[in-house]
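Here is the structure we will look at.
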């Protein structure tokens, strides 16, 4: 028997349990975010307090369900640190929050670097 035929036969037997699926509606996504406790405001506040960040911009890339975030973080604590050391510092600060979400992408800059890179208004 052709191996592809076996694969197709096994795929036909797969089922999806709707009770174990992730959010199917916006209301369910909002509930999931509320239960994880991770919000843009909470992340921003913690970074400003713990890292003395002078500028923090966080965007929820998951469409509002609070599971995927991108961040720009500007802090003098990043001076003389490699990109890896900066990310480790941020990740250790947000350890509990990162464990509750799906994806986290920080972009870390010193105030001097940010002055050169920030979008011109």
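The values are calculated or read from the model by the stated rules, or taken from the named source; none is laboratory data. Note that this is a predicted model, so its numbers are computed, not measured. Please note: Cβ atoms are built from the backbone with ideal geometry, for glycine as well, and neighbour counts cover all protein chains shown.
Say we look at segment 88-108 and pick out the residues that are in contact with a strand residue (DSSP E or B) (Cβ under 7 Å, 6 or more places away or on another chain) and surrounded by 19 or more Cβ atoms within 10 Å (Cβ to Cβ); which of these is modelled with the lowest pLDDT?
Initially, segment 88-108 is screened for residues in contact with a strand residue (DSSP E or B) (Cβ under 7 Å, 6 or more places away or on another chain), giving 90, 98, 101-108.
Among the residues that remain, those that are also surrounded by 19 or more Cβ atoms within 10 Å (Cβ to Cβ) are: 90, 101, 104, 106, 108.
Numbers: 90: 97, 101: 89, 104: 94, 106: 96, 108: 97.
My answer is 101.
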Discussion item. Looking only at residues that are touching a helix residue (DSSP H, G or I) at 6+ places or on another chain (Cβ under 9 Å), surrounded by fewer than 16 Cβ atoms within 10 Å (Cβ to Cβ) and closer than 20 Å to residue 118 by Cβ in segment 22-62, which one is modelled with the lowest pLDDT?
Written reply: 59
Worksheet entry | Which listed residue is at pLDDT 95 or above and surrounded by fewer than 16 Cβ atoms within 10 Å (Cβ to Cβ), from 121, 85 | 85
Worksheet entry | Positions within segment 96-112 being touching a helix residue (DSSP H, G or I) at 6+ places or on another chain (Cβ under 8 Å) and either farther than 10 Å from residue 78 by Cβ or in a strand (DSSP E or B) (or both), in sequence order | 97, 98, 100, 101, 104, 106, 108, 109
Worksheet item: Among the residues of segment 63-80, which ones are touching a residue at least 24 places away in the same chain (Cβ under 8 Å) and loosely packed, with under 15 Cβ neighbours inside 10 Å?
Response: 63, 64, 70, 76, 79
